[in-house]
Structure formats: C-alpha cells, structure tokens
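The values are calculated or read from the model by the stated rules, or taken from the named source; none is laboratory data. The shown structure was predicted, so the numbers you read here are calculated from the model rather than taken from an experiment. Cβ: placed from backbone, ideal geometry, glycine included. Neighbour counts: every protein chain shown. Please note that ligands, DNA and RNA were not included when accessible areas were found on the heavy atoms of the full protein model with its side chains. Shrake-Rupley method; radii C 1.70, N 1.55, O 1.52, S 1.80 Å.
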Amino acid sequence: MAKKVYDYKELPKLAVRLRDDLKESDFVLLYAHNGTGKTRLSYDFKERGKKGRNKIPDTLYFNAYTEDLFSWDNDIINDTNRVLKINSASRFFSGFQQLELDNRIRPLLSRYADFDFVINYEDWQISFSRNVRVKKLEDGEMRESTEVKSNIKVSRGEENMFIWCVFLAICQLAIDGAEAYNWVKYFYIDDPISSLDDNNAIAVASDLSQLLLQAEGKIKVVISSHHILFFNVVCNEIKKKPHEKYFLYKKPDQSYSLRKTTDTPYFHHVALLSELKQATASGNIKTYHFNTLRSILEKTSSFFGFNDFGKCIYEVEDQVLFERALNLLSHGKYSIYEPVDMSEDNKELFKRILSAFLEKHQFELPELLQDNTVQKA
C-alpha cells in the first residue's frame, strides 16, 4: 500500500506542518540524508515559534548553531591554558549560573567520556582535565602513578559529546519546570551524534529517549537524523507513544517531499538503490549516479566482509568490465549539486551494472518517490 507523500516548495511551510503534527502527537521523527536541509528546517521551526513584540522563542534546539555557541581559545602564545569559550549572550545559557549545571552535566558525561571539566562562570569558559598514567624514576626505580593533566585540549568528538551533555542537562531542567527555561515548549534535536561510533550511537539514542519520555505532556519533540542506527533506536524506544515518522527527501527541483514511513525506516543504501532504479527507468541518469552506486557497493562489500567492492559483482557476466568502469567513472568531479547528464554509452553501461548487482543481491526496495498520494503545500 502506498504511503502518503506531501510536497513542499520551501522549508518554512514544512516547519508549519511539523508544528501541526505536534498538536496531536508528542514526537515527530524525521529521517533525511545529509545535505537535505535538516539544519535549516530546525532553524525555520524555531523562528516560526517566536511570539510577541520581543520575539520570545518557544523552541530549545540542538543543531550546528548550538555547537557554534562554543569556541576554543588554545592560548597560542603560551600553549598551556586551553579553554572552551561560551557565548553567554544566548538564551541557551540563561540558567547556567543559578542552576549548578556542573553537577547535572558530570553524571551524563561520565557515561561517554573519561575527562572532567570546570566551568568558570565569571569568564564564561570551560577548562578540561584528564587522569593519565605516568612513569617516574624514584629512588632508582621506575614507578607508575596517576596524575591529573589540566587545561587539556579534548578531541572534536569529545567536545561534541560535552556540548551534547550540556544540552541534555538543560533539557532536564526544562522538563523539571525550571523558571529559566519555562519558555521552552518544543525540543528540536538535529543529528546529535555525527562523530560517534555505533556503540555510543546506541547508548546516546537510548539515554535520549528515556529523557524525552519524561517530557511527555510537557514539551513536544522533533528529532531529525541521517544516522539510521540512531534513528531506529529512538523509533523503537518511543513506538508506544503518539508520534509521526517521516522520510524527508530533497527533489531535483530543490523542493521537498515528506513521506510517512513504516515502523522500520529504510536504510540509506536501500533508499539510494531505489532512487537509482527509478533513474534508470526514467532515463534521467546523471554522472554522479556512478558515485552513488560505487558507495553502495563499498558498503555492501564491508557488510559481507569482502576486501574489495568488486567482489559484490563477481561471477556476473562482464564483471571485469563492470569493475573497471566503476573505478574509472566514480570520482569527486561529479557533484550531486550540479547534475550532468551521462552519455548514452555510459547510461547503458550503468543500467547493466545496476541490473547485475540487483540480480545478484535481492533487496526489498521501497517506492520512496511514489506520487499517487501526493499532497502539495
């Protein structure tokens, strides 16, 4: 049975749709590939909520803008006192000093990281420290002990995790009804785990879901992500609560399609295969489609444990030709943002490779772009 598809020419109208959904549901889950416009959609959603003469917002969001509220001062001259600066002008930090955020952030951070921190509320900066094992020569013997290294620079992934824990602590304050965050009516969370491995992705998704379940009846929630594992975990955790799930797709004419998904969202590579199959059926094959097909073969190869993507098309007719063509015709010159028609010879070659791959590996492909139930907005 075809799923409903809603078309939108611009993101602000799509943001209105999400707000309408939240009148009946507590959660909206949005799966979309990178480059679709998730961050801009979260911004439009927040802007839509500003009310009154002072334009007071109603949305606490986590996205690329949130991460930009923090910036490093690496003490370039002395290279010793490295701190993470806080942009205190943001309402995001309105309860920072009074509500002892340190004690709320630390238990969250300890689940994912092994460093500690101190927040200087006068200078609005954070310094980090970590216990390290060191060896020293004492009384003629080499001894090992633990020392605290202060003012360290943490990795980008650790920094992102710290900022994420700050956000979670503030969410908890908003859920608990802290006065500093009583303006929060919505949480909008966009791709919080872009640099995490799969184990941490599951842990973060599970912990987030448990926190957001506490918001039921108090604060509405939108979560958007390109990370299918994270997305699936959140779907499973909240599936018994009122919610909507969508696949957001950016069309070649730069408009958007919002498609309701089933209980199990489609994996990225399966959605891409469906897109490639539709491109071959219509003849609208672009040069970047070779890059897309190569990407799918690389992931399939990793899944099966092959040491070469070409093994995904072994034992098919013309396998040597297919492998050589994929090597030659999949490279960075072909941009998805400036699509170029493929030559007729290459189109035929592309069709044969895709057909051979799909015959060798049986995928259940979704009809992502089916338009017989399209509603326009």
Once normalised by the length of the stretch 10-93, the mean sequence separation of its alpha carbon contacts under 8 Å that are 6 or more apart gives a contact order in percent of 20 percent
The Cα extents of the chain along the principal axes, largest first and rounded to whole Å, are 70, 68, 40
Expected sort for 129-137, 348-356 on mean C-beta neighbours within 10 Å, highest first, is 348-356, 129-137
Listed by chain and number, the lysines with an alpha carbon less than 26 angstrom from that of LYS311, same-chain partners under 8 positions apart left out, are LYS277, LYS286, LYS299, LYS333, LYS347, LYS351, LYS360
per DSSP, antiparallel bridges as share of beta bridges in the chain, % nearest 5, sits at 60 percent
For the chain the mean separation of alpha carbon contacts under 8 Å (6+ apart) over residue count, i.e. relative contact order in percent, is 24 percent
Computed for the stretch 44-141: size of charge dipole around the Cα centre, +1 on C-beta of each Lys and Arg, -1 on C-beta of each Asp and Glu, debye to nearest 20, value 740 debye
Rounded to two decimals, the Rg over Rh value of the stretch 203-323 from Cα coordinates and the Kirkwood Rh reads 1.08
Relative contact order as a percentage, the stretch 109-197, C-alpha pairs under 8 Å and 6+ apart, gives 20 percent
For the chain, the dipole about the Cα centre with charges only on Cβ (Lys and Arg +1, Asp and Glu -1), to the nearest 20 debye, works out at 1340 debye
Scalar couplings 3J(HN,Hα) for the stretch 299-313 by Karplus 6.51 cos²θ - 1.76 cosθ + 1.60 (θ = phi - 60°), nearest whole Hz, x for Gly and Pro, are 5, 5, 4, 4, 4, 7, x, 6, 9, 8, 5, x, 5, 5, 10
Of the residues GLY35, PHE62, PHE45, the Cα lying farthest along the dipole of the stretch 31-88 towards its positive end, which is defined by charges on the beta carbon of Lys, Arg, Asp and Glu, belongs to PHE45
Beyond 27 Å (Cα-Cα) in this structure, taken from LYS13/LYS245; LYS55/LYS240; LYS55/LYS153; LYS9/LYS260; LYS4/LYS38, we find LYS55/LYS240; LYS55/LYS153
Once both label points are put 7 Å beyond Cα along the C-beta direction, the LYS218-LYS136 separation in nm becomes 4.7 nm
Straight-line reach check, LYS220, cutoff 13 Å on alpha carbons, 8 or more apart in-chain or any other chain, hits among aspartates and glutamates -> ASP20, ASP21, GLU24, ASP26, ASP58, GLU244
Largest-first ranking of TYR256, TYR314, TYR65 by accessible area, probe 1.4 Å, whole protein assembly kept, is TYR65, TYR314, TYR256
